[in-house]
Amino acid sequence: MENHNQYAQNKLLEHNKNYTLIHGKQPLVYLKSFGCQQNVSDGEKIKGKLAEIGFGFTDFLERAQVIIYNTCAVRENAEDKVFGYIGDLKHMKENNPELVIGICGCMAQQEHIAQRIKETYRQVDLVFGTFAYNDLYSMLWEVIDNKKRVFNLTENNIDINEDFTQLRDNKVQAFVPIMYGCNNFCTYCIVPYVRGRERSRKPDAVVKEVRDLVNNGYKEITLLGQNVNSYSYGFPELLREINKIGGEFRVRFMSSHPKDASKELIDTIFECDKICNHLHLPLQSGCDRILKEMNRKYTVDDYLEIVDYARNKDPEFSFTTDLIVGFPGETYEEFCMTKDIIKRVKYDNIYSFVYSRRSGTKAAEFEDNISDKQKGLWLRELLLEQRETSSVWLSRFVGREAVVLVEGEGRKGEEYLTGKNEENIIVEFKGSKEFIGKFIRVRITKAMNWALEGELV
């Protein structure tokens, strides 16, 4: 396959050079990534491979010679959105038969989805899953040269390619995957089926990537994994090695599974000055029975033990979480247990979702006796609880100085900037655009239920 890929790479280079000579411009790719940070990182790798063979990129569909949707399968509405986008491309394909349309990522890894695309969406030329990125050149050349539709759902749970060139859109913040896949098999989650079993990158490769990014001016590194705590070579050890890298930068990571979140991890966060004092720790439910049905492998008390350990070191330590509303069989009383945890922990932010049935998961077989309307009402109730809690809890920052990494213009107009503090909370303030991409000190003057306002120090 390597030889075939090399051949295809050379042919694509030649093809794109000829296109540029004839049209006076590069052939362009429109690539849109949906879902999690891992998907964003995968999209950057795809763009890197395409750039190496002479493609440019565009944000306008109508200018593209290649359109690729990098998809997410975590929730049903994400899949529905992609099918809507694919449907809209039918007329573009009819008007331009040379247009190449590709679907990749987690959604494409599911056999029933690939079959639906094959039968119903004839305008799609290329479908490949999460294990097929190494074959991108050979697949694309097959479509362009032989005018054949290509479907690649191959699985490879072993190899990790460290030779990918990432074309990063952001020049200040970078995502760095440290592992792929998941072994947990939570009953509601499709990820183990579309991402495969856990595979970890070697520590030296991760540290080198972070060091190179810092040397190139990146200020914030986010380490990624479906469960970073399962990192095969020891996650706290990796954090300590990264912390030794010289330069002005900070490190975040996600996500942490509570069953593997250790006191050593908390200790490491406090010991390392470049690791942000913030932990995203997905609870999912505040009810032990529901957690067992979800196959989460921890109890509420186990979860709170980690929270209390961190809060004993720093009473204001920052936590965020994920919560699922309306899991099959959940009662209102059990839902209220989740609300109670919000008040108990005092999260800086929550990411809450209505349960989404995923075909192929264990929970898809459970009887779901909760109406969509009821789930929506519960979600609203949960969000109101968080709003009341966070509007008080975030006020702890008022009057204090915060180090903010400035990300861009604020919502209030050109005079305003926005960024995030160490706790990953949005901070808006007046300031010059020259601060974008830099760390600055801001005095917090106002707390809302989701963000902070401040002024330059």
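FYI, it's all coordinate maths here, none of it is from the lab. Fair warning: this is a prediction, and the values are worked out from it, not measured in the lab. As a convention, Cβ positions derive from the backbone with ideal geometry for all residues, glycine included, and neighbour counts pool all protein chains shown.
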Checklist line | Percent antiparallel among DSSP beta bridges (both partners in the chain, rounded to 5) | finding: 35
Check: In units of 2.2 N^0.38 Å, what is the alpha-carbon radius of gyration of the stretch 170-274?
Finding: 1.08
Next item on the list: Name the cysteines of the chain that stand alone by the Cβ rule: no other cysteine Cβ under 4.7 angstrom.
Entry: C36, C72, C104, C106, C182, C272, C276, C287, C336
Next item on the list: Report the charge-dipole magnitude of the stretch 2-152 in Debye, nearest 20, computed about the Cα centre from +1 at each Lys and Arg Cβ and -1 at each Asp and Glu Cβ.
Entry: 220
Check: Along each of its three principal axes, how wide is the spread of alpha-carbon positions in the stretch 398-456, in whole angstrom units, largest first?
Finding: 25, 21, 17
Next item on the list: For the stretch 146-190, take the alpha-carbon Rg, divide it by the Kirkwood Rh, and send me Rg/Rh.
Entry: 1.07
Margin query: Sort 82-94, 32-44, 64-76 by the packing proxy (mean of other Cβ within 10 Å over each peptide's residues), most packed first.
Written below: 64-76, 32-44, 82-94
Checklist line | Antiparallel DSSP beta bridges within the stretch 101-208, percent to nearest 5 | finding: 25
Note to self: With the alpha-carbon atoms as the only input, what is the per residue convex hull volume for the stretch 2-152 in Å³?
What the structure shows: 104
Margin query: Which of C276, C106 has the fewest other C-beta atoms within 10 Å, and how do the rest follow up to the most?
Written below: C276, C106
Check: What is the mean projected area of the alpha carbon convex hull for the stretch 106-242, to one decimal in square nanometres?
Finding: 10.0
Item checked: Expected 222 nm ellipticity per residue - DSSP helices of 4 or more, -39500 (n - 2.57), all of the chain, to 500 -> -11500 deg cm²/dmol
Next item on the list: May I ask for the Rg/Rh ratio of the chain, computed from Cα atoms with Rh as the Kirkwood radius, given to two decimals?
Entry: 0.97
Check: Given charges of +1 on the Cβ of Lys and Arg and -1 on the Cβ of Asp and Glu, with all other atoms neutral, how large is the dipole of the stretch 298-351 about its Cα centre, in debye to the nearest 20?
Finding: 200
